[in-house]
1. Summarise the long-distance tail of P(r) for segment B:209-271 by giving the % of C-alpha pairs beyond 19 Å.
2. May I ask which of A:K3/A:K108; A:K51/B:K324; B:K190/B:K425 have a Cα-Cα span longer than 23 Å here?
3. If you wrap a convex hull around the Cα atoms of segment A:6-174, how much volume per residue is inside, in Å³?
4. Could you pull out every residue, at least 5 positions away or on a different chain, whose amide H is within less than 5 Å of the one on A:V67? Hs are placed 1.01 Å off N in the peptide plane, and Pro or chain starts have none.
5. With a 1.4 Å probe and all protein chains in place, put A:L168, B:L304 in order of accessible area, largest first.
6. Which ³J(HN,Hα) values in Hz, rounded to whole numbers, follow from the phi angles of segment B:151-161 under the Karplus curve 6.51 cos²θ - 1.76 cosθ + 1.60, where θ = phi - 60° and Gly and Pro get x?
7. I'd like the residues of segment A:120-163 whose 1.4 Å-probe accessible area shrinks by no less than 10 Å² going from the isolated chain to the full set of protein chains.
8. For the cross-link pairs B:K9/B:K180; B:K173/B:K366; A:K153/A:K185; A:K6/A:K61; B:K95/B:K185, which exceed 29 Å when the distance is taken from alpha carbon to alpha carbon?
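The values are calculated or read from the model by the stated rules, or taken from the named source; none is laboratory data. Computed from a predicted model, the values in this text were never measured in an experiment. In this analysis, Cβ positions are derived from the backbone assuming ideal geometry, glycine residues included, and neighbour counts consider all displayed protein chains. Just so you know, the surface numbers come from the protein's heavy atoms only, side chains and all, with ligands and any DNA or RNA stripped out. Shrake-Rupley method; radii C 1.70, N 1.55, O 1.52, S 1.80 Å.
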Amino acid sequence: MQKFTKLRSQVTPIARRDVDTDMIIPAQYLTSISREGYGQNLFRRLRDQEKEFPLNLERYKGSSVLVCDANFGCGSSREHAVWALLGAGFRALIGKSFADIFSANSAKNGLLLIQLPEAVVDSLLLQAANTGAEVEIDLEREEVLLPGGEHQKFSYDPFRKHCLLNGLDDLDYILSHREAVERFKAERRERLFFTPPAAVTSAGKEGV
Amino acid sequence: MASRNIIEKIWESHIVPLPIAAQGHPHLFAIDFMLLHEVTSAQAFAMLRERGLKIFDRSALLATLDHSIPTRKNRLEIYDEAARNQVATLRENCKAFEVPLFDFGSGNQGIVHVIGPELGITQPGLTIVCGDSHTSTHGAFGALAFGVGTSEVGHVLASGCILQKEPKSMLVKFEGRLPKGVYAKDAIMKLIATIGIGGATGHIIEYAGEAVSAMSMEERMTVCNMSIECGARAGLIAPDEITFEYIKGRTCAPSGTRWDRAVEHWRSLRSDEGATYDEIVTINLSALRPMVTWGTNPGQAVELGEAVPGINGAGPADRQGIEKALQYVGLEEGSFIEGTPVEWAFIGSCTNGRIEDLRIAASILKNRKVSSSVTMYVVPGSEAVREQAIQEGLDKVFESAGAQFRMPGCSMCLGMNDDLVPEGKRCISSSNRNFVGRQGPGSITHLASPATVAASAIEGRIASPLKFI
């Protein structure tokens, strides 16, 4: 996972609530078996339908921070939405709120989600749309330097912060506790009453 | 011990105890079972290969094909190259890693959330995940089940665990009894319309109340299925006699003394008297009418007979969303949705693709015809549902009404296989999402119960099922 420490960038505004993961990456682009190549289809439908959609505008090219409204990333659990954002060069999102699964997926891929007060986000959305806006994000200090020179604090889960700053992923951490997991799972077996499907079907059956 | 609700009971019994050093870190949360499908698993298996990891426990896994496959009769040949590659990759991965795969023709292939319950794997008290947001369906059995991304699919493959933060709890009390012609789908759509599509973000919902106790397992699955549509991490219903009755005798269910031990354990999971929740929502269903979405998210829904909301009456934050949605679906503010012409009708999906849904649709379509202006797909949720429907003669009912009775899969729910609603066409659909272009680029979706879909297909316009039952 890519480390995140500091980032200075122009921001791209997506001024709509409830942006769902079907908007971020439509289902027809999910039929790949790799994590690559989704960036070009980020917000594909909106880009095709709305000439003025921010991702179509020259002035937001090269931006790596997206500013969004409330409940961003709702809907499908597709991690492809995060891969598409990263693939298109975005490293951080600033918004009013984010959907649960999208948040979890972002954390696992090094995409930083920053929740700021509504008034701050609204003003940033407006500035970005009108004159353009640049921010500087400092994860270590949990601070965003806003275009007006104001230092805006945000809070970020300490464990997630540690992972992002050091480029560590969850699995290394989970696997470091393998013994505890195995002990727990052995006890847990007492409470499992299903027959494993592996016992009722031939593994890897190749179709008819 | 203090009173605990079912969410707390299941949650606490799955936290792996760690040494003091790990305090302050997220919980290591044990997953009892994971379902896999072709769209969100390839990258997880690739990760295992890259890092040289093995499967932690193959007895806790099951794979099938559902999302990107065709549902026509000769479905073995997949025309789309990327989809074909996805299916081939899942087959290879299952073979290489010895993961059981219910493939075409196995008798058990189907939508992940339909086959888990019908095999009897979905049981009370389990934690179940899948790379699909509608995994909450399994909550109908009193399991704690939720969708995860592909990274977490990989974590479960490699370790049987994921990292989780403590959820909040919400009790949704559905009081009263559902009136005739109104179904579980209408109840959950009413909840989503009431609290909004972000209304339960960060929460796990327990559904309870008179209406829920009276529901069949199929209806409970429909309710839990759409929990994610109000932002909930999961939704569940405490197990009772109806739950046990459904599980008993199924392929992967326990029997003999194991059955007795299981039931004893399952009963202990119910929320204690006096248990508390972070939030409580009460909705009385006794006067509810059939629900239909008018806009471009599942929260934008009205009861038949209610007007589509106006732009001017809305707060400034909502106004833009309503305006954009109305423009996309081509409806006027303040208009009535009943009578809007539809060109497509879809019965199926993990929300409403089970045998009971097909029976309800068939009871309305029997001795009637689908309007000549409507193309109707009926897509069973699994090979077992399809087989059962054929045994009951439902296939004949659908076909003589002029509907297509197809092979199992996710089909027209999500626009990533051959089954697409054409651009500019309007579909009345028993699925779960009406996002812009969800059923195909430029398509318009109105979500409703299978009964409302069947009634609308007959009339060629959005219609109440009441006059047909």
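1. 40
2. B:K190/B:K425
3. 110
4. A:T12, A:I14, A:I94
5. In descending accessible area the options line up as A:L168, B:L304.
6. Once rounded to whole Hz, the list reads 4, 6, 4, x, 4, 5, 4, 7, 9, x, 9.
7. Output list: A:D157, A:F159, A:R160.
8. Check vs 29 Å cut-off fails for B:K9/B:K180; B:K173/B:K366; A:K153/A:K185; B:K95/B:K185.
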